Every structure is written in C-alpha cells, then in structure tokens.
Amino acid sequence: MRNKEKQEFWKSVNELLPLLCERYPKTFFPKGSMKTLPLKIGIAQDLMEQNIDIKAQAIAMFIKQYTAKGRYLRAIATRPWRIDLKGNPCGEVSEKHRNHALKKLAARQTRKEAA
C-alpha cells in the first residue's frame, strides 16, 4: 500500500465508529460512552455481509481495534452475554475470554503503575 492509500485506509477505519453507531445503535456506542457490550463472535463477518459499501479490511481492522480497548475488555470481564448487530443476546462470554480480558487489563494496570 502506498502512503496515500494507507492514509485513506486509516481514515476509513477511524470513521467507522460513528457510522456503525448510527446503523447499529443497540450494538455500538459513541466514543466516550460508558456503555460497551461484548460482541458476537464473528460479528465482523456479519458487518461485511450487511455493509458491502465498506471495505472488508477496514471492518476487520476496526473490530480488532475496538475489541482491544479497555472499555471493551471490561465489558468482556463483567458482562455475561454477547450481542448481535440488533443488540440481542446471542451467546455467553466464555470463562476463557473473561480470563483473557482480566489478564490484559491487569497487565495494562501494571504497566500504568510502573510508568
């Protein structure tokens, strides 16, 4: 990818949250919102199928970034259910995923305290 293409790609990724909040208001919440819910496993594929106007790579990168955020990890650690694009429960958060989120949050806290 050339520099201009990279810039356009990252711009499209960064513009996805407001768009997804508008299209799926029960699933995605604006930046700064205290509400975040665990997403259905495979939700990126669902987004790709329903949003053919958005590049699949941008959706994949957005989901990767979104699910790495502290507020998302806290949701995985504390909420029992995952949700689909309509905001409906569609599966439980596994103990494995909960533990993984707790470990990531603990590691971040340790790094923060060490700084």
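A quick yes/no check of all residues on (1) touching a helix residue (DSSP H, G or I) at 6+ places or on another chain (Cβ under 8 Å); (2) aromatic (F, W, Y):
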site: K26; (1), (2): no, no
site: F62; (1), (2): yes, yes
site: L73; (1), (2): yes, no
site: G91; (1), (2): no, no
Screening I83, I43, I52, I59 for residues that are over 15 Å from the mean Cα position of the chain (by Cα), aliphatic (A, V, I, L, M) and within 25 Å of E15 (Cβ to Cβ) leaves only I52
Selection from the range 1-40 of residues of a type outside the set (K, R), modelled with pLDDT of 90 or more and not in a helix (DSSP H, G or I) yields E15, Y24, P25, T27, F28, F29, P30, T36, L37, P38, L39
Inter-residue pairs, beta-carbon under 6 Å, first touching a residue at least 40 places away in the same chain (Cβ under 8 Å) and in the range 1-28, second among the aliphatic types (A, V, I, L, M) and part of a loop (DSSP other than H, G, I, E, B), 6+ apart:
Y24/L85; T27/L85
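Looking at the range 31-47, which of its residues are of a type in the set (A, V, I, L, M, F, W, C) and more than 15 Å from H97 (Cβ to Cβ)? Even if it seems obvious, please write down each step before you answer.
Initial filter on the range 31-47 (of a type in the set (A, V, I, L, M, F, W, C)): 34, 37, 39, 41, 43-44, 47.
Result: M34, A44, L47.
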Looking only at the range 60-80, how many residues end up being closer than 17 Å to K103 by Cα and among the polar types (S, T, N, Q)?
2
State all residues of the range 41-83 that are part of a loop (DSSP other than H, G, I, E, B), modelled with pLDDT of 95 or more and of a type in the set (A, V, I, L, M, F, W, C); if no residue qualifies, say none.
I41, A68
Per the filter on the range 56-79, residues out of contact with any Phe, Trp or Tyr (no Cβ under 9 Å at 6 or more places or on another chain) and either of a type in the set (A, V, I, L, M) or over 26 Å from L16 (Cα atoms) (or both) are A56, I59, A60, I63, A68, L73, A75, I76, A77
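Can you name the residue in the range 35-67 that is among the aliphatic types (A, V, I, L, M) and without any contact (Cβ under 8 Å) to a residue 24 or more places away in the chain and is also surrounded by the fewest Cβ atoms within 10 Å (Cβ to Cβ) among such residues?
Narrowing the range 35-67 to residues among the aliphatic types (A, V, I, L, M): 37, 39, 41, 43-44, 47-48, 52, 54, 56, 58-61, 63.
Now restrict to residues that are without any contact (Cβ under 8 Å) to a residue 24 or more places away in the chain: 44, 48, 52, 56, 60.
On the way: A44: 19, M48: 17, I52: 8, A56: 14, A60: 15.
So, considering only residues that are among the aliphatic types (A, V, I, L, M) and without any contact (Cβ under 8 Å) to a residue 24 or more places away in the chain, the one surrounded by the fewest Cβ atoms within 10 Å (Cβ to Cβ) is I52.
The values are calculated or read from the model by the stated rules, or taken from the named source; none is laboratory data. Note that the coordinates shown come from a computational prediction; the quantities given were computed from them, not determined experimentally. Heads up, the Cβs are rebuilt from the backbone with ideal geometry, glycines too, and the neighbour counts pull from every protein chain shown.
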